[in-house]
Amino acid sequence: MLRAIIVDDEELSMRRLARIAGELGGVEIAATFFHPSEACAYVRDHHVDVAFLDINMPEIDGMELGLRLRQLREPLQIVFVSGYDRYAVDAFEQDAVDYVLKPVNAERLAKTLERLSRRARPPQPPPSAPKLGVRMFGGLRFFRTDGPGRETPIKLRSPKTEELFAYLLCKGTASREEVADTLWRGLEPDKAAKNINSTLYYIRKSLAEAGLEPLLLAGRYDIRIDAARVDCDLYEYERLVQHAGKGKRPGLQAYF
């Protein structure tokens, strides 16, 4: 619960604000003050989240008081409460959470408390995008992963489709000529090129049906995988090998 103070030289206004805030809940009125100097002394020695400040006061005005309180305790949320609307622009230039006109009513104060609550909540990280999961050791598997333990299998069209995809995942980048020579050796170039394009199409189709964004980048001469969006046990193995200082990236012969 947020801890708040009220500073106002008008007793009736102060009591009204404290009563309504108490009825609405979500904030504890820790102390009330008629004099700004007393509020400064309190904030210096106590934890306070929010200060409700009147603006027209005899010692110093609420604008100046807000600056002093924030120097004593940062971050401190400020809500200005005034019978006049002419100070609103100045208030928001101080990054005030709200500017509430007197007499305060429950409906209006509830909106202020909701704003205070939103500011007090820690920001939530954006949901992570799903990734392609690949397991090569212990049997080839493809799946969509939405986090630990959240896997959805992806079925590719044929063994040849799986073979091409696994080959590209291992290589990272491969020329079309290299792919044709490795997976369609002996075929005429035009026939091999047609097979490559149709197989790439079916890989992309399976990924799209699984709700994954395209991660195959096929150019005129080469094809590459966006490895940053793939969770693959082979990549993890390579990182461990490199970390252990055991040499360069293992060649394809280590896996086939």
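The values are calculated or read from the model by the stated rules, or taken from the named source; none is laboratory data. It should be emphasised that the depicted structure is a prediction, and the values quoted were computed from it without experimental measurement. Ideal geometry is used to build each Cβ from the backbone, glycine not excepted, and the neighbour counts take in all protein chains shown.
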Scanning region 139-157 for residues that are among the charged types (D, E, K, R) and free of Cβ contacts under 8 Å to residues at least 12 places away in the same chain gives R150
Is it the case that L183 is touching a residue at least 24 places away in the same chain (Cβ under 8 Å) and either of a type in the set (A, V, I, L, M, F, W, C) or over 30 Å from V50 (Cβ atoms) (or both)?
-> no
For region 156-165, how many residues are surrounded by fewer than 19 Cβ atoms within 10 Å (Cβ to Cβ) and in contact with a strand residue (DSSP E or B) (Cβ under 9 Å, 6 or more places away or on another chain)?
-> 1
Any idea which residue in region 192-247 is modelled with the lowest pLDDT, counting only those that are of a type in the set (K, R) and out of contact with any Ser or Thr (no Cβ under 9 Å at 6 or more places or on another chain)?
-> K246
Please work out if V134 is of a type outside the set (S, T, N, Q), outside any helix (DSSP H, G or I) and either in contact with a strand residue (DSSP E or B) (Cβ under 9 Å, 6 or more places away or on another chain) or closer than 14 Å to S206 by Cβ (or both).
-> yes
Kindly provide the set of residues from region 55-96 that are more than 16 Å from I5 (Cα to Cα) and β-branched (V, I, T), ordered by number.
-> I60, V89
Take A180 and decide whether it is over 21 Å from V134 (Cα atoms), crowded, with 16+ Cβ neighbours inside 10 Å and either β-branched (V, I, T) or assigned by TED's automatic domain parsing to the domain that holds R135 (or both).
-> yes
Answer residue from region 166-177, given it is under 35 Å from the mean Cα position of the chain (by Cα) and either modelled with pLDDT of 95 or more or surrounded by 14 or more Cβ atoms within 10 Å (Cβ to Cβ) (or both) and is farthest from L140 (Cα to Cα) among those = A174
Any idea which of K102, K160, K171 is closer than 30 Å to L2 by Cα, among the charged types (D, E, K, R) and in contact (Cβ under 8 Å) with a residue 12 or more places away in the chain?
-> K102
Looking at (1) under 30 Å from R15 (Cβ atoms); (2) surrounded by fewer than 16 Cβ atoms within 10 Å (Cβ to Cβ), find the lone condition where V100 falls short.
-> (2)
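The rows are residues; the columns are (1) surrounded by 18 or more Cβ atoms within 10 Å (Cβ to Cβ); (2) in contact with a Lys or Arg (Cβ under 7 Å, 6 or more places away or on another chain); (3) at pLDDT 95 or above.
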{"site": "D54", "(1), (2), (3)": "yes, no, yes"}
{"site": "L67", "(1), (2), (3)": "no, no, no"}
{"site": "A88", "(1), (2), (3)": "no, no, no"}
{"site": "N105", "(1), (2), (3)": "no, no, yes"}
